[in-house]
């Protein structure tokens, strides 16, 4: 398994300089169900539209077994609907106080929650509130983002395995980033 080839034209790579111009395109691509590699406050992560089954299926291969799927909510109002009642009142505070690389795992609200069962296995829902522009991008969408740490904890584009790169639709690269393993915090 080789690393991402520097001269690859198989996947489009946006850089930090492109962000001001391509943000609308990123929203459109995610809305269509494309999967991208994004920088976050914890290194790089694979992101896609959490509500589309084909996106969940594509990202499932890189998710750690036994962990609930982690989502970056597009709106706190939506997050309040999917977590159990006992967590709703404190969600704003948790979203700001525990923002960053922690993945907060809540008990899911009842079956009326606007959330596919596949995103809340065993009645648990995991949310992450990054301290990064990716959180703002999620807020510009009408759906939550499924967030899976980049395979192998890559910190530079050269470390992205070629077999992973071939399965991506696009990459947003901001240069080397420290890899911080996300911590699951059960509430």
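The values are calculated or read from the model by the stated rules, or taken from the named source; none is laboratory data. Please read all numbers here as calculations on a predicted model, not as lab measurements. No Cβ is skipped: glycine too gets one built from the backbone with ideal geometry, and neighbour counts run over all protein chains shown.
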- Note on the structure: Within segment 11-45, residues assigned to a loop (DSSP other than H, G, I, E, B), in contact (Cβ under 8 Å) with a residue 60 or more places away in the chain and touching a helix residue (DSSP H, G or I) at 6+ places or on another chain (Cβ under 7 Å) come out as 11, 35
- Given (1) in contact (Cβ under 8 Å) with a residue 40 or more places away in the chain; (2) exposed (fewer than 14 other Cβ atoms within 10 Å of the Cβ); (3) farther than 27 Å from residue 15 by Cα, where does residue 104 come up short, assuming only one miss? (2)
- Message: Quick test of your reading of the structure: residue 118 fulfils all but one of (1) without any contact (Cβ under 8 Å) to a residue 60 or more places away in the chain; (2) in a helix (DSSP H, G or I); (3) within 18 Å of the chain's Cα centre (by Cα). Name the failing condition by number.
- Response: (1)
- Message: Could you go through segment 56-70 and let me know if any residue there is at pLDDT 90 or above, within 12 Å of the chain's Cα centre (by Cα) and in a strand (DSSP E or B).
- Response: yes
- Do the conditions hold for residue 137, that is, is it within 21 Å of residue 91 (Cα to Cα), touching a residue at least 24 places away in the same chain (Cβ under 8 Å), crowded, with 19+ Cβ neighbours inside 10 Å and in contact with a helix residue (DSSP H, G or I) (Cβ under 7 Å, 6 or more places away or on another chain)? yes
- Task: Could you please let me know if residue 48 is in contact with a strand residue (DSSP E or B) (Cβ under 7 Å, 6 or more places away or on another chain), under 17 Å from residue 149 (Cα atoms) and either assigned to a helix (DSSP H, G or I) or modelled with pLDDT of 95 or more (or both)?
- Result: yes
- Message: Take residue 164 and tell me if it is surrounded by 16 or more Cβ atoms within 10 Å (Cβ to Cβ), under 30 Å from residue 18 (Cα atoms) and modelled with pLDDT under 90.
- Response: yes
- Item | Residue list for segment 144-161, restricted to those being part of a loop (DSSP other than H, G, I, E, B) and modelled with pLDDT under 95 | 150, 154, 155, 156, 160
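Applying the selection to segment 128-142, what residues are outside any helix (DSSP H, G or I) and either modelled with pLDDT under 95 or within 9 Å of the chain's Cα centre (by Cα) (or both)?
Answer for segment 128-142, where residues must be outside any helix (DSSP H, G or I) and either modelled with pLDDT under 95 or within 9 Å of the chain's Cα centre (by Cα) (or both): 128, 129, 130, 131, 132, 142.
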- Message: Residues that are in contact with a helix residue (DSSP H, G or I) (Cβ under 7 Å, 6 or more places away or on another chain) and surrounded by 16 or more Cβ atoms within 10 Å (Cβ to Cβ): does segment 127-134 have at least one?
- Response: yes
- Of (1) touching a strand residue (DSSP E or B) at 6+ places or on another chain (Cβ under 6 Å); (2) closer than 29 Å to residue 169 by Cα; (3) in contact (Cβ under 8 Å) with a residue 60 or more places away in the chain, residue 74 fails just (1)
